[in-house]
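First comes the structure, then the notes that go with it.
The values are calculated or read from the model by the stated rules, or taken from the named source; none is laboratory data. Remember, it's a predicted structure, so these values are computed and weren't measured experimentally. Here the Cβ is made from the backbone with ideal geometry for all residues, glycine too, and neighbour counts use every protein chain on show. For the accessible areas, the whole protein counts, side chains as well, though only heavy atoms, and no ligand, DNA or RNA atoms are used. Shrake-Rupley method; radii C 1.70, N 1.55, O 1.52, S 1.80 Å.
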Amino acid sequence: MSAGKRSAGLLLFRTTGTGGERDVEVLIGHMGGPFWAGREEAAWSVPKGEYGPDEEPVAAARREFQEELGVPVPDGVWLPLGESRQRSSKTVTVWAVEAELDVASVVPGTFTMEWPRGSGVQQEFPEMDRFAWCTPEQAAELLIVGQRVFVKRLRAQVRGEAAASPEA
């Protein structure tokens, strides 16, 4: 019996707000390739990727961040944001790290696929074709539905709210 596909990812964030309530901005990426071209809403993702039974989720999150952004993982404390089961039945585990990253420094990794389908022509596409710092409200519109919960959990942790639990 299969355990199902699993992915792990790393969500960079920076804190915002002065004097009053603290908040966050998160770094997310627009998924690359022809399927996502021209789409914005629900076409962005936390940098993440699949891993097998012989790899630890933390190691996979680190590897995928480096592959998808082409830069080293910033130093910082890894905050667990728990798991979320996606519509595809894949289980995604995400951590957050507070760090600055200039999106101009990103050199996305690539993948190869037949395009157009059935043409026999292999083309290379970026795994993520652009990155942006977003408020939680912006991220709620842009992220695929199953990953929005991670921003909600992060925001609650930063604000010290009861819903900070990864199971929330």
A convex hull over the alpha carbons of region 65-168 yields, per residue, a volume in Å³ of 128 Å³
Residue span Lys90 to Thr15: 0.36 nm per residue of separation minus Cα-Cα distance leaves a gain in nm of 24.0 nm
Quick check: pseudo-label points 7 Å beyond the Cα along Cα→Cβ at Trp115 and Glu161, how many nm apart are they? 3.7 nm
Pairs of Cα atoms under 8 Å, at least six residues apart: use those to get the relative contact order of region 60-119, whole percent. 35 percent
For region 27-69, list residues with backbone N below 19 Å from a point placed 7 Å from the Cα of Gln123 toward its Cβ? 30-40
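Roll a 1.4 Å probe over the protein chains and send me the accessible area per residue for region 45-168 in Å². Intermediate results must be reported in sequence, preceding the final value.
Numbers: 6670 Å² over 124 residues.
Dividing the accessible area of region 45-168 by its residue count gives 54 Å².
Counting only protein heavy atoms and using a 1.4 Å probe, what share of the accessible area of the chain belongs to carbon plus sulfur, as a whole percent?
52 percent
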If I fit a long axis through the Cα atoms of helix 148-159 and take the longest principal axis of the Cα atoms of the chain, what angle between them do I get, 0 to 90°, rounded to 10? 30 degrees
Out of Ser84, Val97, Gly120, whose Cα points farthest toward the positive end of the dipole of region 81-121 (charges: +1 Lys, Arg; -1 Asp, Glu; placed on Cβ)? Gly120
Which peptide among 97-109, 129-141 comes first, and what is the full order, when sorted by highest mean count of other Cβ atoms within 10 Å? 129-141, 97-109
What Kirkwood Rh does region 1-153 have if only Cα atoms enter the pairwise 1/r average? Answer in Å. 16.1 Å
Could you state the angle between the C-alpha long axis of helix 57-69 and the longest principal axis of the C-alpha atoms of the chain, as a value from 0 to 90 degrees rounded to the nearest 10? 70 degrees
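Are there any chymotrypsin sites (Phe, Trp or Tyr not before Pro) in region 48-115 that are in a DSSP loop and have at most 15 other Cβ atoms within 10 Å? List them by number.
In loop regions of region 48-115 (DSSP not H, G, I, E or B), the sparsely surrounded chymotrypsin sites (Phe, Trp or Tyr not before Pro) are Trp78.
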So for the chain: antiparallel DSSP bridges make up what percent, rounded to the nearest 5? 75 percent
As computed over region 87-133, the Cα convex hull volume per residue (Å³): 138 Å³
